[in-house]
1. May I ask you to verify whether T478 is crowded, with 18+ Cβ neighbours inside 10 Å, touching a residue at least 12 places away in the same chain (Cβ under 8 Å) and hydroxyl-bearing (S, T, Y)?
2. Got a number for residues in the stretch 283-335 being among the polar types (S, T, N, Q) and under 21 Å from the mean Cα position of the chain (by Cα)?
3. Any chance the stretch 182-191 includes a residue that's hydroxyl-bearing (S, T, Y), touching a helix residue (DSSP H, G or I) at 6+ places or on another chain (Cβ under 6 Å) and more than 16 Å from ligand 2 (Cβ to nearest atom)?
4. Quick one: which of G186, G145, G112 is out of contact with any Ser or Thr (no Cβ under 8 Å at 6 or more places or on another chain) and in a loop (DSSP other than H, G, I, E, B)?
5. Determine which single condition T399 fails, assuming it passes every other condition in (1) of a type in the set (S, T, Y); (2) within 26 Å of L333 (Cβ to Cβ); (3) open to solvent by less than 50 Å² (accessible area, probe 1.4 Å); (4) outside any helix (DSSP H, G or I).
6. Take L202 and decide whether it is within 22 Å of the chain's Cα centre (by Cα) and of a type in the set (A, V, I, L, M).
7. Is it the case that some residue within the stretch 582-592 is open to solvent by 70 Å² or more (accessible area, probe 1.4 Å) and either at pLDDT 95 or above or part of a strand (DSSP E or B) (or both)?
8. Restricting attention to the stretch 598-609, does a residue exist that is small (G, A, S), in a strand (DSSP E or B) and in contact with a strand residue (DSSP E or B) (Cβ under 8 Å, 6 or more places away or on another chain)?
Amino acid sequence: MGLSIAKKIIAEHLTAGQMIPGTEIVIRADQTLTQDSTGTMAYLQLEAMDVDQVKTRRSVAYIDHNMLQEGFENADDHKYIQTAAHRHGVYFSRPGNGICHQVHLERFSVPGETLVGSDSHTPTCGAIGMLAIGAGGLDVAVAMGSGLYSLVMPQVVNIRLTGRLKPYVAAKDVILEVLRRLSVKGGVGKIMEYTGPGVQSLTVPERSTITNMGAELGATTSVFPSDGAAKAFMRAQGREDQWSELLADPDAEYDETVEIDLGQLTPLAAAPHSPDNVKAVSEIGEIRVDQVAIGSCTNSSYQDMMKTARMLKGKTVASHVSLVVSPGSKQVLTMLAQNGALADILDAGARILESGCGPCIGMGQSPATNGVSLRTFNRNFKGRCGTDSAEVYLVSTETAVASAIAGCLTDPTRLETDIHVDMPGQFWVNDNMVVPPSKDPRSVEVVRGPNIKPFPLNTKLPPQLRGEVLLKLGDNVTTDQIMPSNARLLPYRSNIPYLAEYCLAPCDETFPARAKKAGVGVVAGGENYGQGSSREHAALAPLYLGIKAVLVKSFARIHKSNLINSGILPLTFKNSADYDALVQGDTLIIPDAGEQVRSGADTILVQTGAGRAFEMALTVTDQERKILLAGGKINQIREEG
Ligand code: MIC
Ligand code: SF4
């Protein structure tokens with residue numbers, strides 16, 4: 001049997017284990033990326049592991065999230081990351097250079113290589129045939145320090161595309177269709193590999209919208225072949241020498257196949273408050289819109305921006321709509337300025353934001369009370385935009401622009417302007433905002449301003465665990481709920497004691513105070529707990545508040561790893577009746593916790609204070625068991641020397 005693209009890359013990089021789904025494997029990490037809101041922790045952890053120079057082929061530190069500088073905090077973080085990168089062999093992409101995933105795809109992606117990034121949308125670079133995986137900051141620090149990354153071998157799903165998209169139907173509609181069919185947990189433990197004749201009709205930027213938003217499926221990553229389209233993209237980036245062909249074998253074996261006829265798709269939207277709450281734009285109807293936001297790592301490419309300009313040319317944004325546009329990178333913004341498209345966008349009344357994450361992570365542009373916001377972004381979790389009562393819909397660039405002009409949600413297929421944008425023969429290339437690592441690293445002083453606080457460490461797993469169930473939650477709890485990240489909190493990503501005051505507050509404002517008072521506690525939840533962001537702060541803040549175990553029906557992949565890295569026991573209910581019977585306020589006891597974990601058992605016996613006993617599953621690898629026993633990954637690394 002032949003190999004899929006995913007398995008070819010894994011086989012090429014495998015240093016331990018076998019490609020058997022569900023088992024632990026270790027692969028070489030060729031590249032890493034960090035961004036500023038997870039980067040401070042990652043570099044603090046790199047330093048805590050005494051790493052002098054990174055062992056990857058290329059590591060890049062981006063500044064793209066914390067761009068509002070209301071006080072000294074964000075600028076302190078930027079300075080720390082810049083100097084730490086310079087010191088330890090990491091390239092530094094300065095604020096203004098663009099969103100990490102967009103820039104990485106443009107300037108650093110290499111077909112067939114692996115990339116581990118401290119951001120859940122790292123799979124964006126799968127568009128060019130890279131195996132690009134999002135992870136917690138500590139796992140990325142370990143990848144930088146060792147050149148290795150361990151993960152559980154996923155299944156590989158074949159998403160077979162046929163046909164061709166109709167005009168005004170976009171790549172965004174393809175991934176929304178996948179989300180509609182598979183849901184936000186449909187990709188957990190899986191790699192989505194795109195094949196079939198329909199692939200050829202999609203350009204690399206279009207493919208990147210699809211791989212980017214594969215994160216919303218909970219997938220380990222998504223990947224496209226490296227074919228003629230990939231070659232054309234790399235040639236236009238002046239990097240054809242780094243291109244190589246990478247195709248699935250014709251008889252490649254997959255664990256599952258999903259067929260999508262591109263020609264059958266229509267414009268879609270993810271309605272509030274989940275990326276899988278997908279409906280046809282025509283079915284939702286012409287709801288009045290207050291804000292339209294175009295950009296984010298999902299839809300901020302040159303092609304997206306040129307389509308925006310073409311559609312806006314000579315028009316005016318509806319008087320009750322605020323249209324904000326953030327081009328994804330300096331390359332994109334410069335090209336728009338050079339060819340005059342920026343003037344068309346401005347003239348129509350759009351507000352241009354800098355090349356960064358901005359409104360996507362609630363860094364400004366929060367909608368009005370009960371406001372309806374259409375966004376070309378990838379997440380519409382309640383409150384993420386900064387306004388709790390807002391209704392956020394995720395749509396394509398085409399739908400967004402048509403709606404901004406009309407003032408209401410508009411199906412763009414009824415428009416007639418030709419918005420076809422050719423891939424430029426040559427992108428504008430000037431890497432002057434990327435600072436290479438120091439040639440004399442030992443002479444570099446790493447600057448730690450007062451916003452940089454040490455990260456918390458757990459203690460060894462005690463012989464017995466006893467704590468109150470401080471919170472019982474439902475399905476699909478996001479890391480945005482566990483550790484919110486709006487403009488007020490994002491500046492404190494390197495200050496866990498401060499962040500902990502807001503931990504799980506969107507679910508229950510009293511949680512932080514109750515957790516502190518209790519000293520030790522556990523949290524319970526439903527399916528897909530911890531979906532969304534890779535932020536390990538969603539594990540570090542609970543750790544700081546004394547959370548020793550999280551009991552849920554199922555976990556999102558990255559969050560589970562982050563809990564383990566923090567020494568917090570990730571347990572899953574074997575029977576949903578046990579979840580039903582659990583009451584907030586119950587006391588939970590795990591007798592012989594240390595012994596039960598050490599023994600290698602995959603069933604952990606739990607008791608309540610009232611004497612009820614039930615079994616939970618502990619699905620972890622041998623290595624993860626060691627990490628849990630040591631009280632987290634840093635402790636385990638230190639123990640092993
Ligand atoms: C996000 O889109 O939620 C973020 C902000 O990019 C996060 C990273 C973070 O929380 O810093 C992600 O996707 O991993
Ligand atoms: Fe930034 Fe939004 Fe992309 Fe996250 S999803 S990296 S916040 S643009």
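The values are calculated or read from the model by the stated rules, or taken from the named source; none is laboratory data. This is a predicted model, so every value here is computed, not measured. Positions of Cβ are backbone-derived with ideal geometry, glycine not excepted, and every protein chain shown enters the neighbour counts. Surface accessibility is based on the protein's heavy atoms, side chains included, excluding ligands, DNA and RNA. Shrake-Rupley method; radii C 1.70, N 1.55, O 1.52, S 1.80 Å.
1. For T478, the condition - crowded, with 18+ Cβ neighbours inside 10 Å, touching a residue at least 12 places away in the same chain (Cβ under 8 Å) and hydroxyl-bearing (S, T, Y) - is met.
2. Filtering the stretch 283-335 for residues among the polar types (S, T, N, Q) gives 291, 296, 298-301, 303, 308, 316, 319, 322, 326, 329, 331, 334.
Then drop every residue that is not under 21 Å from the mean Cα position of the chain (by Cα), which leaves 296, 298-301, 326, 329.
Final tally of qualifying residues: 7.
3. No: zero hits.
4. Criteria check complete, one pass: G186.
5. With respect to (1) of a type in the set (S, T, Y); (2) within 26 Å of L333 (Cβ to Cβ); (3) open to solvent by less than 50 Å² (accessible area, probe 1.4 Å); (4) outside any helix (DSSP H, G or I), T399 is out only on (4).
6. When the stated conditions are applied, L202 does not pass them.
7. Yes, that holds for at least one residue.
8. no
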